[in-house]
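Comments concern the structure below.
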Amino acid sequence: MKRIAALLVILLAFGTFAFARGEQGGAAGGGQTLIGIAMPETHVLRWQKDGASLKSIAEAQGYRAEVAYGDADQNQQNRQIQGFLTQGAKLLVVGNINDGVNSVIADAARDNVPVIAYDRLIMGSADYDYYITFNNFKVGQFQGQGIEQGLNLKSATAAAPKYITLFAGSPTDNNSKFFFDGAMSVLNPYIQSGALKVVGPYPETSADNANFQRIATENWQAPIAKTRMENLLSNDARNVTLDAVLAPNDTLARAIIEACLADAKYSGGKLPVVTGQDAEFDSALSIKNGQQYMTVFKDTAKLAEAAVLLADQILKGQTISIPGAELASGALESIGDTGRKKVKAYLLEPVIITRDNISIPVNAGFYSDAEAARLR
Ligand code: GAL
């Protein structure tokens, strides 16, 4: 019910605006303006929510909206984006899989079709101007703070160190570097003091590409993380008890926990502190049950609402103003650096979630009524 109410508020905001301007929908007026929405995958549940929210909010604003999921295959996503352009899409919202998307972003630019990079920066391209996401460095900082809090690192010493092993997200997803670097900005001082010891590869930051690639997880695939955790438990971590695992998102966190639970050392309530992000229901339940330690709530409905508002203002040639989204500047400006140009990056605020505040995504209407009932 809450989500419907929220949607009605959004509609009212858009509707009032459109009515005041005597317009309905995008530049062409009426529902004929097509917005193409290309999402990367469905095996990470958040993208199903993103795609559905983007479509419903765009249609409520009077646009025609088509959503396609790339199933972590960039060639497939490129064909889908080509299809949108062939159908005459006037704007594209793209959550890419890797920079293989650049060829079709160039096609869009050639056709004067603006592109909004959605949640993931499109690297190596100078053919678009807008990026909208959460403050992903802060997402990582929250993961680091979760480990700092869960292990009480402020009281740890080199005489009695805590042990951690590190995982990162997909190496083709630029977000993975921001998540990792945010977490390590919190953890590195404890590693340098000896209070925290790393088991397995230790890139101090993602700039150590060789070691970063060793801890990265291709296309965020849970089976890859599970197998790597099993190998760590049998080899590098065989003779220590891990106190924490830096897991970059919920899907991988649950796979890592599964591997740990199969090891007697960690069964019976002795799991390491395991981080995550996306506030997926299964992970929220795991946190409530004392298994996963924390996640990060990135309200995909708010991101979708902001992205559609941005699209609407671009299509209408208006000055861009996105309530609730900060235009990256200063130290954060690099978040929009594609390596070929600095695009305008609009950042929404993430929220750290532990056992104490699971009510935040519940009350935001992020879960179904049945799921919410199990989290209360
Ligand atoms: C990232 C995204 C995260 C994470 C991951 C998995 O780009 O920001 O929310 O879930 O993708 O698809």
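Just so you know, all these numbers are worked out from the coordinates, no wet-lab data involved. Just so we're clear, the structure is a prediction, and the values are computed from it rather than from any experiment. Note that we place each Cβ from the backbone using ideal geometry, even for glycine, and neighbour counts take in every protein chain shown.
Remarks
- Alpha-carbon centroids, the range 321-351 and the range 245-315: separation in whole Å: 23 Å
- Nearest-0.05 FRET efficiency for GLU371 and ALA158, computed from C-beta distance (R0 51 Å): 0.75
- ³J(HN,Hα) computed for each position of the range 344-355 - Karplus, 6.51 cos²θ - 1.76 cosθ + 1.60, integer Hz, glycine/proline x: 6, 10, 9, 10, 9, 8, x, 9, 6, 10, 10, 4
- Net charge dipole size for the range 283-376 [Lys, Arg +1 and Asp, Glu -1 on Cβ; Debye, nearest 20]: 180 debye
- Looking at the range 238-376 alone, DSSP beta bridges between its own residues are antiparallel in about 75 percent of cases.
- Degrees separating the helix 2-20 axis from the principal Cα axis of the chain, which is the longest one: 30 degrees
- Note on SER155, SER283, SER103: ascending count of other Cβ atoms within 10 Å places them as SER155, SER103, SER283, the fewest first.
- Modelled this way, with points 7 Å down the Cα-to-C-beta line, the labels at ALA109 and GLN76 are 2.8 nm from one another.
- Anisotropy class of the range 226-376 from Cα gyration tensor, a/c 1.5 cut: oblate
- Sequence ranges 142-154, 197-209, 67-79, ranked by mean other-Cβ count within 10 angstrom, highest first: 142-154, 67-79, 197-209
- For the chain, the 222 nm mean residue ellipticity estimated from helices alone, with every DSSP H stretch of n ≥ 4 adding -39500 (n - 2.57) and the total spread over all residues, rounds to -13000 deg cm²/dmol.
- Mean separation of Cα contacts under 8 Å (6+ apart) over length of the chain, as relative contact order %: 17 percent
- Shape call, the chain: gyration tensor on alpha carbons, a/c limit 1.5: prolate
- The range 136-297 - share of DSSP beta bridges that are antiparallel (%, nearest 5): 10 percent
- If R0 equals 22 Å, the separation of the Cβ atoms of ASN231 and LEU261 corresponds to a calculated FRET efficiency of about 0.85.
- A Förster radius of 25 Å combined with the Cβ-Cβ distance from ILE191 to ASN239 puts the calculated FRET efficiency at roughly 0.80.
- Full extension of the chain segment joining LYS341 with LYS270 gains 20.8 nm, where the gain is 0.36 nm per residue of separation less the Cα-Cα distance.
- Relative intensity of the range 136-297 on a log10 scale, I(q)/I(0) at q = 0.13, 0.14, 0.19, 0.20 Å⁻¹, equals -0.52, -0.61, -1.22, -1.38, per a Debye sum over C-alpha point scatterers of equal strength in the absence of solvent.
- Between 0 and 90°, nearest 10: helix 74-86 axis offset from the chain longest Cα axis: 10 degrees
- Test item: Cα-centred dipole of the chain, Lys/Arg +1 and Asp/Glu -1 on Cβ, debye: 500 debye
- A simple charge model with +1 on the Cβ of Lys and Arg, -1 on the Cβ of Asp and Glu and nothing else charged puts the dipole of the range 41-134 at about 220 debye relative to its Cα centre.
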